[in-house]
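One structure is given below, encoded as structure tokens.
The values are calculated or read from the model by the stated rules, or taken from the named source; none is laboratory data. Note that the coordinates shown come from a computational prediction; the quantities given were computed from them, not determined experimentally. Because the Cβ atoms are built from the backbone with ideal geometry, glycine has one as well, and the counts that use them run over all protein chains shown. In case anyone asks, the SASA skips ligands and DNA or RNA and just uses the protein heavy atoms, side chains included. Shrake-Rupley method; radii C 1.70, N 1.55, O 1.52, S 1.80 Å.
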Amino acid sequence: MDMEEDMDLINHVRGVDEEYKKIEKMHHRLDEDLKKMGGRYLTPDEEMLKKNMQKDKLIKKDRMTQILKEYKIKMQKA
């Protein structure tokens, strides 16, 4: 798949899959929150929160990728 086909698939899935849209929104929010934490000293509690947010963001990214793969397989079979 090339970049344009990837974007077509992502846009399609965004339009039809509520779980994907919800996870993508949470992933984006985590990304923004993590950017706000960057570039300054973090307390130990903030550092732990940051690590947990990074893990959660990765879990969401993995799920988004899994959903896209499932749709790609469905589309190939059709």
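Side notes on the structure shown:
- Taking the criterion of being among the β-branched types (Val, Ile, Thr), open to solvent by less than 60 Å² (accessible area, probe 1.4 Å) and within 10 Å of the chain's Cα centre (by Cα), the only residue of region 28-78 that qualifies is Thr65.
- Selection within region 28-58 - touching a helix residue (DSSP H, G or I) at 6+ places or on another chain (Cβ under 9 Å) and under 26 Å from Arg14 (Cα atoms): Leu30, Asp31, Asp33, Leu34, Met53, Gln54, Asp56, Lys57
- Selected residue (criterion: nearest to Tyr71 (Cα to Cα)) from residues of region 16-25 that are part of a helix (DSSP H, G or I) and open to solvent by less than 60 Å² (accessible area, probe 1.4 Å): Tyr20
- Residues within region 26-60 that are closer than 25 Å to Tyr71 by Cα and not in a helix (DSSP H, G or I), tallied: 0
- Pairs, first under 13 Å from Asp17 (Cα atoms) in region 57-78, second in a helix (DSSP H, G or I) and polar (S, T, N, Q), C-beta under 9 Å, six or more apart: none
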